[in-house]
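Step one of this worksheet: look at the structure below.
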Amino acid sequence: MEARFQVYVNYEQEDVQEEKIAFDGLVTIVEPSVSLFDWRLLSTWSFVAALLGGAGYFTYLNFFPAPKKATKVKKAAPVGPIDSPVIAGSGVYNEDWIPAHHIKKGKGKGGALSSGDESDSRRRRR
């Protein structure tokens, strides 16, 4: 396709404005070849699709909350007698099932202080 192309230059010199023709001629307009595998076109469309997808996901999360699931009421299975380690009313428990290293009573000295322990030397330093 050919078209006539004119370029005018307006300039001012010593308070006098002048207009000159810088170019006057025919130009040929050529369309670039379109390819399905054009990198710039594909990257532009993928970027726009990612932006629209992110905006749509954000909108979906904020304006369309998930429906609440209906919970089914389950009936409890019948419970038989339980062999309890605690004897009711006595305040004493059965120690047969507790491992030996958990039954140790009393604190041993020497070792790191726990979070609740404070020695006299620590109190004096403050």
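Observations on the structure shown:
- For the range 1-79, the set of GluC sites (Glu not before Pro) satisfying both a DSSP loop assignment and a count of at most 16 other C-beta atoms within 10 Å is given as GLU14.
- The charge dipole of the range 1-72, taken about the Cα centre with unit charges on the Cβ atoms of Lys, Arg (+1) and Asp, Glu (-1), comes to about 1500 debye, rounded to the nearest 20.
- Those chymotrypsin sites (Phe, Trp or Tyr not before Pro) in the range 1-53 that DSSP places in a loop and that have at most 16 other beta carbons within 10 Å: PHE37
Where a number appears in this text, it was derived from the coordinates with a stated rule and is not lab data. The shown structure was predicted, so the numbers you read here are calculated from the model rather than taken from an experiment. As a convention, Cβ positions derive from the backbone with ideal geometry for all residues, glycine included, and neighbour counts pool all protein chains shown.
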